[in-house]
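Working notes, beginning with the structure itself.
The values are calculated or read from the model by the stated rules, or taken from the named source; none is laboratory data. Small disclaimer: the values here were computed from a predicted structure and weren't measured. Positions of Cβ are generated from backbone atoms using ideal geometry, with glycine treated the same way; all protein chains shown enter the neighbour counts.
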Amino acid sequence: MQRRQLIGYSAAVVGALCLALFAGWWRVDGPGAPAPAGQRPLAMSEMDFRLTDHQGKEVDAVTLIGRPSLVFFGFTYCPDICPTTLSDISVWLSDLGDDAGRLNVIFITVDPERDTVAAMAAYISNFHPIIQGWTGSSEQIARAVEGFRANSEKVPTGSGDYTMNHTASVFLFDANGRFVSTIDYHEPREYAVPKIRRAIDKTETG
Amino acid sequence: MIGKLTVFLTVLALAWGISISVLAEADDIVVEGAWSRASIGTSRPGAAYLTIRNTGPEYVTLTGIRTDIATRSEIHRSSTDDQGVTSMAPAGEIKIAPTDTVSLEPGGLHVMLMGLQRPMTEGEAFWLTLVFSDGSEVSVEVSILGFAARGPDI
Ligand SMILES: [Cu+2]
């Protein structure tokens, strides 16, 4: 009887220990870990790039301060991931209703060689009207990618053609231009709208 | 003699034909929900999506795609690494287990259509031919949906 009780207690202790270890791992190394400091996008006020929007207007990161922002990278010659992301975002914006009008939603190309201002304008006209398309010189695009701690790489596909590997996450910033979180490509879609609302609310509570 | 030979050859040809139609990989394949997005002009590559169901008792291997809408068509896989970076590469041969279904859908496998021969216009359709490892084929009509379409049902 006593022996059985002892086994029961030990099992409980071992169980609790495992749980604590798991919780520790989750927060430190696991999916619950905060992004390493070097990997977090800079604040909008610290970013240094100048681009052109799809209407030909000069823009930069400071332009975005004052409203919560969604920013993502892509290119218009992308047949699969980019139209899917743009169409996902268009759905989230429709779900947000009137609140969508309080956001900056920016699509920055990683392929300025092919994505001219006119190409960006033609492309984004097929999605939610609030979405802006930014392009510019390769050098300025590279600075933008760096500011967001994103990645892009040109990959030849044969016969002189190429595609671009790029960060597909959507970056969320509050109205003060501070990074809030990302919406990752494979994340369940029902998390996206609450995350955007949080970025909006964060702005209102300071 | 010639009559006998003709009969023999006819029987052989029929047997050959029957054996092909019995064993052809394509016979066990059902392709459903083929769709694509409308394009802006012809300079950008397109993507087509569909599901392939193997209703037979044997493995079936999809080796290639033919279509007259593009000069080059390949099966590609998009993937996202742990840094959130997406890339796209030829997927190679696609093996489909008995009774299994393989879905080509946004963000994963797709038919990459390079060198469009004409713009893909919403409401129109084009033909795609799936080629299997024994050379048998299945042709399917692909509906062209809107530019921001998310799938055949939405
Ligand atoms: Cu592709």
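The residue list B:Pro90, B:Pro106 contains one member that is within 16 Å of the ligand (Cβ to nearest atom), within 17 Å of the chain's Cα centre (by Cα), surrounded by fewer than 16 Cβ atoms within 10 Å (Cβ to Cβ) and within 30 Å of A:Val145 (Cβ to Cβ), which is B:Pro90. Consider A:Arg67 carefully, then state whether it is more than 16 Å from the ligand (Cβ to nearest atom), within 14 Å of chain B (Cβ to nearest Cβ) and among the charged types (D, E, K, R). No; evaluated as a whole, the condition is false for this residue.
Screening B:Thr99 with (1) among the hydroxyl-bearing types (Ser, Thr, Tyr); (2) more than 14 Å from the chain's Cα centre (by Cα); (3) under 27 Å from B:Asp81 (Cβ atoms) gives one miss only, at (3). If you go through the stretch A:74-114 and keep only what is touching a residue at least 60 places away in the same chain (Cβ under 8 Å) and more than 22 Å from B:Glu105 (Cβ to Cβ), you end up with A:Leu96, A:Asp99, A:Arg102, A:Leu103. Within the stretch A:182-205, at least one residue is touching a Ser or Thr at 6+ places or on another chain (Cβ under 8 Å) and of a type in the set (Lys, Arg).
Of all residues in the stretch A:158-201, those satisfying the criterion of being within 8 Å of another protein chain (Cβ to nearest Cβ) and surrounded by 14 or more Cβ atoms within 10 Å (Cβ to Cβ) are A:Thr163, A:Asn165, A:His166, A:Thr167, A:Ala168, A:Ser169, A:Thr182, A:Asp184, A:Tyr185. For the stretch A:137-152, a residue qualifies if it is within 15 Å of A:Thr52 (Cα to Cα) and crowded, with 23+ Cβ neighbours inside 10 Å, and the qualifying residues are A:Ile141, A:Ala144.
Scanning the stretch B:31-78 for residues being of a type in the set (Asp, Glu), within 14 Å of chain A (Cβ to nearest Cβ) and more than 15 Å from the ligand (Cβ to nearest atom) gives a total of 0. For A:Tyr123, the conditions (1) within 21 Å of A:Pro188 (Cα to Cα); (2) within 11 Å of chain B (Cβ to nearest Cβ) are fulfilled apart from (1). Strands (runs of 3 or more DSSP E) fully within the stretch A:151-206 that include at least 3 residues being assigned by TED's automatic domain parsing to the domain that holds A:Val91 and more than 12 Å from the chain's Cα centre (by Cα): A:152-158, A:161-167.
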